[in-house]
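The values are calculated or read from the model by the stated rules, or taken from the named source; none is laboratory data. Nothing here was measured: the structure is a model prediction, and the numbers come from that model. Cβ placement follows ideal geometry from the backbone for every residue including glycine, while neighbour counts extend to all protein chains displayed.
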Amino acid sequence: MVNPRAWFAEAIATYCLVFFGPLAIILAAVAFGTGLSIQAIVMISLAHGAAIGLMVYTFGHISGAHINPAVTISMLVTRRIGIKDGIAYIVFQLIGAIVAAASLKAILPDLGAKVFFGTQGGPSELLNHSAISGLAVEIILTFFLVTVIFMTAVHKKAPAGMYGLAIGGMIFLIHLVGVPLTGASVNPARTFGPALISGYWDFHWIYWAGPIIGAIIAGLIMNYVFVKKAEQQAA
C-alpha cells in the first residue's frame, strides 16, 4: 500500500538524526577538541541514541520509523514493506539527510567544515585504516541493530512500548564502541547527507555495503527463525 504520509515521516525522522547526530559531533569538537575523548564519544553516542529512540516513538506508528535505507532494505527482502513504499522510503530518507546536513552547513559553516559536517571518516588507526576491517565492523554493528529492531518492534510477543528504548539503547551502544573504529554509521543515509554537503567521500562505499549486508543477514535470520514462528502461533 503506497503511503506518502509515511514517506514524509521518514524524511522528518531522518532529518532529526542527521541534524542532531552531526551537531553533537560539531559541538563535541568545540568542547573537547577533535580527538576521541571519552566525553566526546559519550556525547555523540547519547545524541544519536536519543534522536533514534525519540523518532521511533514519534513516527513508529506512522511509517515504522526505519530512518535508515539498510533497515528498509531488510524489510523489503523479508516482504514487510512493498517495493514502491520501500523505494520511496529510501529516497525520502536520503532527502531528509541531505537537507539536515545542508542546514548544519548554513548554521555552522566553519565549525561544521572542521568535522566534515559529521561525515564518517573511514576506518580509524585502530583498524589500520583497513577497508575490509571497517566493512566487517559496519556489518556486525548493523546486524545487531536490525536484530533489535525485528525482535522488539516487529516480533508479536515483544514487550509493549519498549522498542524505542531498546533501539535507541542499541544505537547508543553502537556509537560508544563504533565511533573510535569507523565513526559508526550503520546507516547509508546518515553518511550520505554529510558526505554530499562536505564533499568528503573517502571509504564511502563501506557505509553502504556494510549496513546493507548486515541488515539483510539479520533481517532474514530474525524474520524466518523467530518472528514468523510467533506469527504462525498467533494465527
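Is at least one residue of region 77-96 surrounded by 17 or more Cβ atoms within 10 Å (Cβ to Cβ), more than 25 Å from ALA218 (Cα to Cα), of a type in the set (A, V, I, L, M) and within 18 Å of the chain's Cα centre (by Cα)?
Within region 77-96 (the criterion being surrounded by 17 or more Cβ atoms within 10 Å (Cβ to Cβ), more than 25 Å from ALA218 (Cα to Cα), of a type in the set (A, V, I, L, M) and within 18 Å of the chain's Cα centre (by Cα)), the answer is yes, since at least one residue qualifies.
Does at least one position in region 63-86 carry a residue that is among the charged types (D, E, K, R), without any contact (Cβ under 8 Å) to a residue 60 or more places away in the chain and out of contact with any Asp or Glu (no Cβ under 6 Å at 6 or more places or on another chain)? Even if it seems obvious, please write down each step before you answer.
To start, the set of residues in region 63-86 that are among the charged types (D, E, K, R) comprises 79-80, 84-85.
Filter once more, keeping what is without any contact (Cβ under 8 Å) to a residue 60 or more places away in the chain: 79.
Still in the running and out of contact with any Asp or Glu (no Cβ under 6 Å at 6 or more places or on another chain): 79.
Looking through region 63-86, at least one residue is among the charged types (D, E, K, R), without any contact (Cβ under 8 Å) to a residue 60 or more places away in the chain and out of contact with any Asp or Glu (no Cβ under 6 Å at 6 or more places or on another chain).
What are the residue pairs meeting all of these: first residue in region 151-175, first residue hydroxyl-bearing (Ser, Thr, Tyr), second residue buried (at least 22 other Cβ atoms within 10 Å of the Cβ), Cβ atoms under 7 Å, and 6 or more apart or on different chains?
Listed pairs, sorted by first residue: THR152/TYR163; THR152/ILE167; TYR163/VAL56.
Please work out if LEU36 is surrounded by fewer than 19 Cβ atoms within 10 Å (Cβ to Cβ) and either modelled with pLDDT of 95 or more or in a helix (DSSP H, G or I) (or both).
Details: surrounded by fewer than 19 Cβ atoms within 10 Å (Cβ to Cβ): yes; either modelled with pLDDT of 95 or more or in a helix (DSSP H, G or I) (or both): no.
Considered against the rule, which asks whether it is surrounded by fewer than 19 Cβ atoms within 10 Å (Cβ to Cβ) and either modelled with pLDDT of 95 or more or in a helix (DSSP H, G or I) (or both), LEU36 comes out as no.
Sort out for me the helices (runs of 4 or more DSSP H) sitting completely within region 167-235 that have 2 or more residues that are buried (at least 22 other Cβ atoms within 10 Å of the Cβ), in contact with a helix residue (DSSP H, G or I) (Cβ under 8 Å, 6 or more places away or on another chain) and not small (Gly, Ala, Ser). Walk me through how you get there before you give the answer.
On the way: elements: 188-198, 206-221, 228-234.
Here the list reads 188-198, 206-221.
Determine which single condition ILE140 fails, assuming it passes every other condition in (1) buried (at least 19 other Cβ atoms within 10 Å of the Cβ); (2) in a helix (DSSP H, G or I); (3) of a type in the set (Val, Ile, Thr); (4) touching a residue at least 60 places away in the same chain (Cβ under 8 Å).
(1) is the only condition that ILE140 fails.
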